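Before I ask anything, let me first share the structure, which is written out below as structure tokens.
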Amino acid sequence: MMIVMKEEATQEQIDSLVTRVESVGAHAHVSEGEVLTVIGAIGDRERIANLDLQGADGVDRVVPITKPYKLASSQFRHGAPTVIEIEGRRIGGGHFSLVAGPCTVESREQLLSTAEAVKQAGASMLRGGAYKPRTSPYSFQGLGGEGLRLLREAKEVTGLPIVTELMDARDVEAVLEVADVIQVGARNMQNYSLLAEIGRSGRAVLIKRGLAATLEELLMAAEYVLKEGNEDVILCERGIRTFETATRFTLDIMAIPVLKQMSHLPVVVDPSHAAGRRDLVLPLSLAAAAAGADGIIVEVHHDPEAAICDGPQAVPADDFGAYVEQVQRVAETVGNELSAL
């Protein structure tokens with residue numbers, strides 16, 4: 001249930017409503033906008049209904065939310081998109097964010113050269129994996145703590161905010177020391193204890209859609225973070241498994257406008273992992289921008305042929321500037337502005 005307060009509602013009235021909601025064992029999620037305050041009442045529907053909140057002091061109206069994903073639902077914010085700010089870069093609500101960098105941190109030279117290249121080309125944030133989930137236990141698993149140290153250095157040198165993956169709740173503190181945005185990979189999308197831990201951390205999170213997950217399941221994953229009080233959640237479409245074998249996965253372009261109807265959260269696209277092929281990254285990126293995505297997370301490498309991980313899908317750093325120009329033109333055509341400093 002969503003409780004919309006009157007514009008002139010006092011803090012005392014808001015606090016009183018929160019106390020009443022919590023008195024029946026429900027959770028009260030307060031969202032303060034520029035004009036209105038909205039209280040999301042999450043819990044037993046009948047108990048909340050029995051509170052008869054419609055006539056309470058300061059309440060403008062009570063709106064039932066029928067979706068199982070309450071806080072992620074577009075109903076929760078009256079259809080207004082959430083805008084997330086990361087170190088001065090905005091994503092959502094007309095702000096297009098370009099997150100770029102190597103699939104995995106391999107060395108100091110590799111990371112710093114790539115980081116400088118993507119910064120000069122106009123990237124909003126730097127991506128790089130210190131911990132890597134791999135299908136084979138014998139594949140390179142990342143540099144771990146050393147990778148995090150190198151990411152911290154890259155941020156100091158370039159000023160770019162860091163997006164990096166968290167796989168294990170035991171690594172939360174270490175990752176929080178470096179990450180401005182925590183990435184949850186497709187294989188961890190339904191690791192609910194990890195999602196709740198990230199929600200409690202208060203750090204922005206980018207959740208990738210699972211290989212066989214529905215859009216509702218993706219939003220329910222976001223709900224695990226939101227219910228802990230963390231409102232900075234970014235949804236990511238990265239390709240799903242279908243019967244097609246010509247590409248690694250099938251990029252679900254329809255997910256972009258559909259998610260924007262279902263939810264107020266920003267939606268970004270990962271064309272690199274969907275295609276698995278460098279020649280498809282640009283056309284998929286242009287399609288995503290044209291469909292109204294709020295950003296793209298793309299793999300870039302200073303020497304893709306020598307990459308330890310996913311070199312065939314990485315955009316060469318020397319070509320990244322031209323890539324950005326084309327993506328930016330399409331994004332601007334549909335009313336989105338590239339967010340970079």
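No value in this document is a laboratory result; all are computed from the given coordinates. Remember, it's a predicted structure, so these values are computed and weren't measured experimentally. Neighbour counts are summed over all protein chains in view; Cβ atoms, including those assigned to glycine, are modelled from backbone coordinates with ideal geometry.
Only Lys, Arg, Asp and Glu count, each charged at its Cβ (+1, +1, -1, -1), so figure out the dipole size of the range 139-236 about its Cα centre, rounded to 20 debye.
In debye, rounded to 20, the range 139-236 gives about 160.
Another one. Can you grab the distance from the C-alpha centre of the range 12-29 to the C-alpha centre of the range 147-168, Å, no decimals?
Each part's Cα centre sits 39 Å from the other's.
Out of the GluC sites (Glu not before Pro) in the range 15-81, which ones are loop residues according to DSSP with at most 12 other C-beta atoms within 10 Å?
Counting only loop positions with at most 12 other Cβ atoms within 10 Å, the GluC sites (Glu not before Pro) in the range 15-81 are GLU34.
Taking only DSSP H segments of four or more residues, each worth -39500 (n - 2.57), what value at 222 nm results for the chain once the sum is divided by all its residues, to the nearest 500 deg cm²/dmol?
Estimated from H runs of four or more residues: -9500 deg cm²/dmol.
May I ask you to list the GluC sites (Glu not before Pro) in the range 59-109 that are in a DSSP loop and have at most 11 other Cβ atoms within 10 Å of their Cβ?
Answer by residue number: there is no such site.
For the pair THR333 and ALA80, what calculated FRET efficiency results from E = 1/(1 + (r/R0)^6), where r is the Cβ-Cβ distance and R0 = 30 Å, to the nearest 0.05?
0.85
Given LEU206, ILE86, ALA115, which one lies farthest toward the positive end of the charge dipole of the chain, if we put +1 on the Cβ of every Lys and Arg and -1 on the Cβ of every Asp and Glu?
LEU206
Which three extents, in angstrom, do the Cα atoms of the chain have along their principal axes, listed largest first?
Per principal axis, max minus min of the Cα coordinates gives 66, 43, 42 Å.
Just need the Rg to Rh number for the range 68-133, please, alpha carbons only, Kirkwood Rh.
Result: Rg/Rh = 1.14.
Need one word for the range 83-219: rounded, prolate or oblate. Basis is the Cα gyration tensor (sqrt eigenvalues a ≥ b ≥ c); a/c below 1.5 gives rounded, then a/b vs b/c decides.
It comes out oblate by the Cα gyration axes.
Normalising by the residue count of the chain, find the relative contact order in percent from Cα pairs under 8 Å and 6+ residues apart.
17 percent
By the gyration tensor of its Cα atoms, with a ≥ b ≥ c the square roots of the eigenvalues, what is the shape of the range 2-64: rounded for a/c under 1.5, prolate for a/b over b/c, or oblate?
It is prolate, given that a/c is not under 1.5 and a/b is the larger ratio.
Quick one: among LEU206, LEU166, LEU176, which has the greatest mean-square fluctuation in a GNM of the chain with alpha-carbon springs under 10 angstrom?
Taking springs between Cα atoms under 10 Å, the residue moving most is LEU176.
Let me ask something additional. Given labels modelled 7 Å from the Cα in the Cβ direction, how far is it in nm from GLU231 to ARG61?
Roughly 2.0 nm, to one decimal.
Pull out the extension gain between ALA306 and LEU112, defined as 0.36 nm times the separation in residues minus the alpha carbon to alpha carbon distance; nm, one decimal.
68.3 nm
Name the most mobile residue of VAL83, VAL233, VAL24, meaning the one with the largest mean-square fluctuation, in a Gaussian network model of the chain with Cα contacts below 10 Å.
Evaluated over the chain, the most mobile residue of the options is VAL24.
Between the range 193-207 and the range 314-341, how far is it from one alpha carbon centroid to the other, in angstrom?
Centre-to-centre (Cα) distance: 29 Å.
Between ARG277 and THR10, with labels modelled 7 Å along Cα→Cβ, what's the label distance in nm to one decimal, could you check?
6.7 nm
In nanometres, what is the gap between the two model label sites at ARG200 and GLU216, each 7 Å from Cα along Cα-to-Cβ?
2.9 nm
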